[in-house]
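Trainee: Encoded as structure tokens, here's the structure I'll be asking about.
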Amino acid sequence: FLVHLGPAGSNASIPASGVWDDYFRSLPSKFRRNLRRAERLLSGKGSIEFTEIRDGSGNRFSEEILPIEERSWKWTKGVSVNASTFRGFYPEAMEAMERKGWLRLWTLGFKGETIAYEICTLYNREVVCLKKSYDPAYAKFSPGSLLERRIYEDCFSHGVKKINMLWGDPEYKKNWAPVLEDRVEVFVFNRS
């Protein structure tokens with residue numbers, strides 16, 4: 001086989017050891033203030049609910065995640081969870097993670113409707129955030145950031161040692177003060 005290694009960019013991760021309150025206080029004050037304000041404004045318009053789901057992912061995928069994707073920018077310009085290039089990867093991966101007890105699907109509900117989600121996996125005390133999206137109708141309330149705050153806080157309080165945010169949008173992720181880790185990609189070719 002021919003093997004090619006090359007740089008794949010930086011991966012953002014958060015060391016989750018320590019106390020959540022101390023970590024949260026270390027973040028930029030403007031970012032913290034904006035999160036508190038967004039949650040206060042959204043909850044002032046109706047009931048909000050943060051939910052962690054560890055089972056029943058198959059139904060949740062089609063009933064909650066896909067409708068959010070259809071309304072998000074990813075549906076037409078980005079890469080949605082049901083993009084043909086994935087060939088059913090996310091529903092199958094969620095079912096496999098669920099069987100192993102690794103699935104952590106988080107949702108943010110508003111007035112009984114899911115407006116944001118994040119698919120995570122927990123293995124060996126490390127949470128990997130795989131895919132997320134939110135309904136753009138609620139963009140001014142930063143639903144993705146509100147959901148991340150709850151996920152990360154939960155990680156700190158349940159003995160997770162590392163939160164892997166993966167790559168993409170490094171400017172936004174700087175708000176969470178992550179550690180950047182270099183990643184490489186590996187291409188393996190057969191003789192042809």
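All of the numbers you see were taken from the coordinates with simple rules; none came from a lab. As the structure is a computational prediction, the values presented were derived from the model and not from experiment. Neighbour counts are summed over all protein chains in view; Cβ atoms, including those assigned to glycine, are modelled from backbone coordinates with ideal geometry.
Trainee: Could you run the Karplus curve 6.51 cos²θ - 1.76 cosθ + 1.60 with θ = phi - 60° over the range 16-23 and give me ³J(HN,Hα) per residue in whole Hz, x for Gly and Pro?
Mentor: These are the phi-based 3J(HN,Hα) values: 9, 6, x, 10, 3, 4, 5, 4 Hz.
Trainee: Would you grab the residues whose amide H sits under 5 Å from the one on ALA16? Only those 5+ places off in sequence or on another chain, please, with H modelled 1.01 Å from N.
Mentor: LYS162, ILE163
Trainee: Let me ask another. Lysines near LYS174 by alpha-carbon distance under 28 Å, same-chain residues fewer than 8 away left out - which ones?
Mentor: Counting by Cα, and skipping residues close in sequence, LYS174 has these lysines nearby: LYS30, LYS74, LYS77, LYS131, LYS132, LYS140, LYS161, LYS162.
Trainee: By its C-alpha gyration tensor, with a ≥ b ≥ c as the square roots of the eigenvalues, how is the range 136-180 shaped: rounded for a/c under 1.5, else prolate for a/b larger than b/c, else oblate?
Mentor: Taking the square roots of the gyration eigenvalues as a ≥ b ≥ c, the range 136-180 is oblate.
Trainee: Next up: For the range 54-165, with equal point scatterers placed on the C-alpha atoms only and solvent neglected, what are the log10 I(q)/I(0) values from the Debye formula at q = 0.19, 0.21, 0.23 1/Å, to two decimals?
Mentor: One equal scatterer on each Cα of the range 54-165 leads to -1.02, -1.22, -1.40.
Trainee: Which of rounded, prolate, oblate describes the range 108-174, given a ≥ b ≥ c as roots of the alpha-carbon gyration tensor eigenvalues and a/c under 1.5 marking rounded, otherwise prolate only if a/b is larger than b/c?
Mentor: Prolate, because a/c is 1.5 or more and a/b exceeds b/c.
Trainee: To the nearest 10 degrees, how steeply does helix 89-100 sit against the main Cα axis of the chain, on a 0 to 90 scale?
Mentor: Computed tilt is about 80 degrees.
Trainee: Moving on to the next point. So what's the net charge close to GLY112: Lys and Arg +1, Asp and Glu -1, counting the other residues with Cβ under 14 Å from its Cβ?
Mentor: -3
Trainee: Ok, one more. Once phi is turned into θ = phi - 60°, what whole-Hz ³J(HN,Hα) does the Karplus curve with 6.51, -1.76 and 1.60 give for every residue of the range 119-129, x standing for Gly and Pro?
Mentor: Couplings: 8, 10, 10, 10, 8, 6, 6, 10, 9, 10, 8 Hz.
Trainee: 5 Å is the cut-off here: which amide hydrogens, built 1.01 Å from N in the peptide plane, fall below it relative to GLY9, excluding neighbours closer than 5 in sequence?
Mentor: Here the answer is ARG183, since their amide H atoms fall under 5 Å of that of GLY9.
Trainee: Hey, what's the Kirkwood Rh for the range 35-114 if you take every pair of different alpha carbons, in angstrom?
Mentor: Result for the range 35-114 stands at 14.1 Å.
Trainee: Moving to a separate point now. Around ARG54, with a cut-off of 10 angstrom between Cβ atoms, what is the net charge of the other residues, counting Lys and Arg +1 and Asp and Glu -1?
Mentor: Taking every Cβ under 10 Å from that of ARG54, the sum is -2.
Trainee: Can you tally the net charge around LYS74? Count Lys and Arg as +1, Asp and Glu as -1, for every other residue whose Cβ sits under 12 Å from the Cβ of LYS74.
Mentor: +1
Trainee: At a Cα cut-off below 20 Å, give the aspartates and glutamates reachable from LYS45, other chains included and same-chain residues fewer than 8 away excluded.
Mentor: Partners found: GLU113, ASP135.
Trainee: State the antiparallel share, in %, of DSSP beta bridges confined to the chain, rounding to the nearest 5.
Mentor: Of the beta bridges lying entirely in the chain, close to 90 percent run antiparallel.
Trainee: Nearest 20 debye, what's the magnitude of the dipole of the chain about its Cα centre given +1 on Lys and Arg Cβ and -1 on Asp and Glu Cβ?
Mentor: It comes to approximately 540 debye.
Trainee: If only Cα atoms are counted, what is the Rg of the chain, and what is its Dmax, in Å?
Mentor: Cα radius of gyration and Dmax of the chain are 17.5, 62 Å respectively.
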